[in-house]
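**Q** The structure is given below, and queries will be raised subsequently.
The values are calculated or read from the model by the stated rules, or taken from the named source; none is laboratory data. It should be emphasised that the depicted structure is a prediction, and the values quoted were computed from it without experimental measurement. Counting neighbours? That spans all protein chains shown, and the Cβs are built from the backbone with ideal geometry, glycine included. Side chains are part of the model used for accessible areas, which takes the heavy atoms of the whole protein and leaves out ligands, DNA and RNA. Shrake-Rupley method; radii C 1.70, N 1.55, O 1.52, S 1.80 Å.
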Amino acid sequence: MKRAAIYARYSSSLQKATSIEDQIAMARRECERNGWTVVEIFEDREKTGRNMRRPGFQAMKAAVARGEIDVVVIEALDRLTRKVVDALSQFDLLQFQGVELHSVKEGALEFFSVLVGGIGAQQFSEMIGAHTRRGMRGAVSRGRLHTSAYGYRKREAAEGLNREIDPEQAEVVRRIFRETADGRSATAIAKALNADRIPAPKGGTWDASSIRGRKDRCEGILNNRLYVGEASVCRFGRRYHPETGAKAVFATEDDTVTETFDALRIIPQDLWDQVEAELATRTQRAASTGNPQAARRSKHLLSGLMVCGCCGAPYIKTSRNRFQCRENRKSVCENSVTIRQTRIEPRVFTALRSNLRSAELIAEFEAAFLAEMRILEGTDLGASIKAANAQLAKVRKARRSIMSAIENGADFADYGARDKELKAEAQELEDRVAQLEAQQERKDATPPDIPAIFEAALQDLEALLGDPDLVARANEELGTLIRSITLIPDPKSEDGLAAEIQLDLGSLRSRVWDEDKAQGQSP
């Protein structure tokens, strides 16, 4: 009795999953009619027939290679593949291994039937692809879009646009564009969106790639021209590597159709142009430095956080050490008061320190500090120091033996490499001993004044974060603590500007720091 394997496949999430069960049921009946015993069933769900690396298909080939199967049963040849060259090569491989290929619809398959069936499957696949692209080109001209772009939702209408702006998501899109124009990185923006618990386009959390995307494929929030009302279809085609099944995307400019729909515009043209210029600058900077991350770095701690209280535009750096309202610089906003970096940063950090001195954060700091102390107290540092010194003595002895051998006429070339290893090992052990002895001193010392240590850390915060090597990362972290810094012209305030600083310290309740009201209050 022949051992039969059934193979079933369907290609699209739009097809019914029961397609697999129907194929298997038909194949089982075919096996029963022929008196074959079904020993294996292989399936691939939502896998294109052009991809020969399908898991189920590969598992079937492996079973054939092991000699476990006498006949492969399929509903039709197009379930196996939609390319004539693949159909013939797989048929030849099965023939070589002594395995029959049997179709429920076509019966036992021979070379000629595989050739004709393969050509038919391939032609059908190409026809479907061409028909689909033609339908998409015609549909977009009628406002019927096949898109699930973030910022839009389906609109039930028999004619005209079948998509409309989703107000809530559209505001998130505008926020992403505004913050990008202000110099914030995609990583920082994603982190802030996640901190605000805003769901990502496909659910879950945001990541930088979904914002940044790929410009060459028009992928990602920042590259989607639908946000300026341009809908394009058939811009790209796809090919699949004949051996690996890897997808390759290529431009199809001759097939591209673009239509403009003002009702779908989310981003004003001037903001789109600002973002395009900012991204181009980053690309150029990355190309010149060879460091894409450096190209996105902020040059100061408060980048993207300060806004004008008159017009809402960002305060931008207009000289080496001074900030100004962006719209005032374009003669649009009347707020002409500028401020030095060395003046605004201390004011912001004063507000930040005041809030960080909360009882909750001090308690968290103390708990973490005490936990480290308990670990230190539970460590037998004396034994560790003794063991490290013993190992150090052995290494030093080995080096002395090498020096003695060389002095007695041995060739240094024979011992040089080993001496270098021992020298490095000795240095590591010496550092280890010094570290352990310092820990022992701390362990034996009087218990530290934890509140004083916390206060010292706060005082060093500004200088630490302002380090040129840390400023980029510090800016991103500050963006999760400081929601905004609103600067309002006020002759009575310091530097002629009142500052309202919106803070969000996570476990603490969000609050607005008003400098004027805080005057005279103790920290």
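**Q** Is region 139-154 home to any residue that is closer than 22 Å to Arg29 by Cα, among the aromatic types (Phe, Trp, Tyr), modelled with pLDDT of 80 or more and surrounded by 15 or more Cβ atoms within 10 Å (Cβ to Cβ)?
**A** Checked region 139-154: no residue is closer than 22 Å to Arg29 by Cα, among the aromatic types (Phe, Trp, Tyr), modelled with pLDDT of 80 or more and surrounded by 15 or more Cβ atoms within 10 Å (Cβ to Cβ).
**Q** Against the condition charged (D, E, K, R) and modelled with pLDDT of 85 or more, how does Glu364 come out, does it pass?
**A** Against the criterion (charged (D, E, K, R) and modelled with pLDDT of 85 or more), Glu364 does not qualify.
**Q** List the pairs whose first member sits in region 484-500 and is on the phi > 0 side of the Ramachandran plot and of a type outside the set (Ser, Thr, Tyr), whose second member is surrounded by fewer than 18 Cβ atoms within 10 Å (Cβ to Cβ) and outside any helix (DSSP H, G or I), and whose Cβ atoms are under 7 Å apart, counting only residues at least 6 apart or on separate chains?
**A** Final answer for the pair search is Gly496/Pro489; Gly496/Asp490.
**Q** Select from region 263-281 the residues that are among the charged types (D, E, K, R) and within 24 Å of the chain's Cα centre (by Cα) and list them in ascending order.
**A** Correct list: Glu276, Glu278.
**Q** Anything in region 388-402 that is loosely packed, with under 13 Cβ neighbours inside 10 Å and among the hydrophobic types (A, V, I, L, M, F, W, C)? List them, or say none.
**A** Passing the criteria: Ala390, Ala393.
**Q** So Arg82 fits all but one of (1) of a type in the set (D, E, K, R); (2) surrounded by fewer than 17 Cβ atoms within 10 Å (Cβ to Cβ); (3) under 41 Å from the mean Cα position of the chain (by Cα); (4) modelled with pLDDT under 90; what number is the exception?
**A** Among (1) of a type in the set (D, E, K, R); (2) surrounded by fewer than 17 Cβ atoms within 10 Å (Cβ to Cβ); (3) under 41 Å from the mean Cα position of the chain (by Cα); (4) modelled with pLDDT under 90, the lone unmet condition for Arg82 is (2).
**Q** Taking region 326-367, which residues are of a type in the set (A, V, I, L, M, F, W, C) and either in contact with a Leu (Cβ under 7 Å, 6 or more places away or on another chain) or in contact (Cβ under 8 Å) with a residue 24 or more places away in the chain (or both)?
**A** Once the filter is applied, which keeps residues that are of a type in the set (A, V, I, L, M, F, W, C) and either in contact with a Leu (Cβ under 7 Å, 6 or more places away or on another chain) or in contact (Cβ under 8 Å) with a residue 24 or more places away in the chain (or both), region 326-367 yields Cys333, Val337, Ile339, Ile344, Val348, Phe349, Ala351, Leu352, Leu356, Leu361, Ile362, Phe365.
**Q** Where residues in region 306-332 are in contact with a Lys or Arg (Cβ under 8 Å, 6 or more places away or on another chain) and in a loop (DSSP other than H, G, I, E, B), which of them is modelled with the highest pLDDT?
**A** Residue satisfying both the conditions and the ranking: Ala313.
**Q** Checking Arg282 against (1) part of a helix (DSSP H, G or I); (2) at pLDDT below 80; (3) out of contact with any Lys or Arg (no Cβ under 7 Å at 6 or more places or on another chain), which test does it fail?
**A** Every listed condition holds for Arg282 apart from (3).
**Q** Output the residues belonging to region 32-50 that are in contact with a His (Cβ under 9 Å, 6 or more places away or on another chain) and open to solvent by less than 40 Å² (accessible area, probe 1.4 Å).
**A** Trp36
**Q** Read through the list (1) modelled with pLDDT of 60 or more; (2) in contact with a strand residue (DSSP E or B) (Cβ under 7 Å, 6 or more places away or on another chain); (3) not aliphatic (A, V, I, L, M), then give the number of the only condition that Glu276 fails.
**A** Result: Glu276 passes all but (2).
**Q** Is it true that Leu301 is at pLDDT 80 or above, open to solvent by less than 40 Å² (accessible area, probe 1.4 Å) and of a type outside the set (Phe, Trp, Tyr)?
**A** So Leu301 does not fit the description; no.
**Q** Name the pairs: first residue in region 198-219 and of a type in the set (Asp, Glu), second residue assigned to a helix (DSSP H, G or I), Cβ to Cβ under 8 Å, at least 6 apart or on different chains?
**A** Every condition considered, the pairs that remain are Asp207/Ala190.
**Q** If you scan region 4-29, which residues turn out to be buried (at least 17 other Cβ atoms within 10 Å of the Cβ), of a type outside the set (S, T, N, Q) and either closer than 19 Å to Gln90 by Cβ or modelled with pLDDT under 90 (or both)?
**A** Answer for region 4-29, where residues must be buried (at least 17 other Cβ atoms within 10 Å of the Cβ), of a type outside the set (S, T, N, Q) and either closer than 19 Å to Gln90 by Cβ or modelled with pLDDT under 90 (or both): Ala4, Ala5, Ile6, Tyr7, Ala8, Arg9, Tyr10, Ile20, Ala27.
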